[in-house]
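Everything below concerns the one structure shown next.
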Amino acid sequence: MPGTTISRGNIQYAWLIAPSLTPVAVAGSTTAEQSFTVGGLVVGDFVYVYSNAAQTAGLSIGNVRVASANTLTIAFSNSTAGSLTPVAGVYRCLVNRAESVSDLATSAA
């Protein structure tokens, strides 16, 4: 649509990154957020994440968000009774940035 700049945002940029992440253990029957430094991210980016390797059985990736500039936060959910550590290594990330990302960051506050 010509001339469309709306606050919900059309995708202006989309790119793939593959950071190497080393998560820590997640207690049993818990969902816990963990933060990782990933350069280039800004609040308002939409990030989809998956492990390049098989995830530890009983663990899953929940909410993913950019908590602050260059900080990717992943919630790992442990559905077992015991403590489990998510797999360390390369995680694939698809980052989408809306053309009105500053409007999105402001309206979310």
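Coordinate-derived values only; no laboratory data. Keep in mind that this is a model prediction, so the values were computed, not measured.
General remarks:
- Per-q log10 I(q)/I(0), region 49-94, q = 0.19, 0.27, 0.29, 0.30 Å⁻¹ (Debye; single scatterer per alpha-carbon; no solvent): -0.63, -1.07, -1.16, -1.20
- Rg to Rh quotient for region 24-100, alpha carbon positions, Kirkwood Rh: 1.00
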